[in-house]
Amino acid sequence: MSMNHSLPGSPPLQQQRMTRRIIAPPGAQLVKCGIILKRGSAGAWDAGMVESPMVWFDQWAKRYCMVYTGYAHSSPEKSGYESVSNPQLGLAWSDDVFRWEKDSKNPIIGPSRVHGSPDSSGTSGGFIYHEDKIYYLYYIGTTEEGYERGLKTLNLATSNDLYNWKRFEGNPIIPPSGEGWRRDAIWHPNVVKQKDMYYLFFNASGLVNDKAEEYVGYAISTDLFHWEVDEVHSPLLVGSGVPGTWDASGRTGDPSLYKVNHTWYMAYYSWDGRNAQDGLAWTTEAEFPLGWRTYEKNPILRIGPPGSFDAQHAAKPFIFRSGERHYHFYTAVDEADTREIALAIWPGPCE
């Protein structure tokens, strides 16, 4: 994608030259607050790792709520991906966005254990959309034990109370397809509404320009159940693939969208083959859902120094905004492969 576009909200070019100052777009400046949701204690359903947060303010509970993925610790003698299994989704609650308490009823939805079903071995990467007193839970279903193993598809379940979920009979709503960008797997969903249309952004594993990686595309719906993937314009965003850059792999993953005034922004992650970090793209309201440009100063969220809680990876973003306050939730991974959920904000300080 081109990186030579002026960002919305920036002063005119002449003014930039006079002041030698460019206003950063919303979400491009961040202060790290640290880990806000840890792994469970030994033997807990989420003792292996926690990741992939999604946050909203729940109008019924009058509290902030987070849906996240937890993994059991299946192989204590190992670390990272090889040490976990049984992905399930849980909830956490907060009164201030900074301090979180896990729900005592966790996990809220896990593997169906039904042979041949798209989520027989795991549920991960959850996103909740709330409308007309119904919670719509979009999630990744897996079919083999371990960390994101087997066939990965996008699925849907609905609930009136966040605890009793009914799987959609038409699952999976989006499976891998074709020989192109979504050939192999479907990953993290993000649903937004524009006028009378719903847009589901997600990353998929497949082939683009002979490179096998993950890329962001989208689908549309009028009822939140039945989705049509735009195969003409997807993928929407592809990493540079340039050696030595933060997105040298070409990957674009885990899109998280938010709108400020008349501009849409997408936080996403990429990696250079060693470290994963978060970047930012934007498009105009008139061009949405197309026309994405990458921010020239990516990545906006970088790994921490050696020994820090996110020294290996600082990625997989979810953006929550309240007024002018910007909350960037992400998965933090240290050098020992400890995977937990962290928060960065703007403006600071952390509270």
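The values are calculated or read from the model by the stated rules, or taken from the named source; none is laboratory data. Owing to the predicted nature of the structure, the values given are computational and were not obtained by experimental measurement. Heads up, the Cβs are rebuilt from the backbone with ideal geometry, glycines too, and the neighbour counts pull from every protein chain shown.
Points worth noting:
- Checked against the criterion of being surrounded by fewer than 16 Cβ atoms within 10 Å (Cβ to Cβ) and not basic (Lys, Arg), the candidates SER159, SER104 yield just one match: SER104.
- Top-ranked residue in segment 113-138 [being out of contact with any strand residue (DSSP E or B) (no Cβ under 7 Å at 6 or more places or on another chain) and within 21 Å of SER85 (Cα to Cα); ranked as surrounded by the most Cβ atoms within 10 Å (Cβ to Cβ)]: SER120
- Hey, TYR199 part of a strand (DSSP E or B), in contact with a Ser or Thr (Cβ under 7 Å, 6 or more places away or on another chain) and either touching a residue at least 60 places away in the same chain (Cβ under 8 Å) or within 30 Å of ALA61 (Cβ to Cβ) (or both) or not: no
- Within segment 193-212, the residues that satisfy the criterion of being out of contact with any Asp or Glu (no Cβ under 8 Å at 6 or more places or on another chain), surrounded by 23 or more Cβ atoms within 10 Å (Cβ to Cβ) and closer than 12 Å to THR252 by Cβ are PHE201, PHE202.
- Considering residues of segment 115-171 that are among the charged types (D, E, K, R) and assigned to a loop (DSSP other than H, G, I, E, B) only, the residue nearest to LEU200 (Cα to Cα): LYS152
- Residue check, TYR64 of a type in the set (Phe, Trp, Tyr) and within 23 Å of ASN171 (Cα to Cα): no
- Test: GLY206 is over 26 Å from TYR135 (Cβ atoms) and in contact (Cβ under 8 Å) with a residue 12 or more places away in the chain: yes
- Within segment 60-91, the set of residues being in contact with a helix residue (DSSP H, G or I) (Cβ under 7 Å, 6 or more places away or on another chain) and touching a residue at least 24 places away in the same chain (Cβ under 8 Å) comprises HIS73, SER74.
- Only residues that are closer than 23 Å to HIS313 by Cα and either of a type outside the set (Gly, Ala, Ser) or in contact (Cβ under 8 Å) with a residue 60 or more places away in the chain (or both) were counted across segment 92-114, and they come to 4.
- Taken over segment 206-245, the criterion of being at pLDDT 95 or above, among the polar types (S, T, N, Q) and part of a loop (DSSP other than H, G, I, E, B) is satisfied by THR222, SER234, SER240, THR245.
- Number of the condition not met by THR143 [criteria: (1) closer than 24 Å to THR331 by Cα; (2) surrounded by 16 or more Cβ atoms within 10 Å (Cβ to Cβ); (3) touching a strand residue (DSSP E or B) at 6+ places or on another chain (Cβ under 7 Å)]: (3)
- Filtered residues of segment 65-92 (kept if under 19 Å from the mean Cα position of the chain (by Cα), more than 17 Å from ASN160 (Cα to Cα) and part of a strand (DSSP E or B)): TYR68, THR69, GLY70, TYR71, PRO87, GLN88, ALA92
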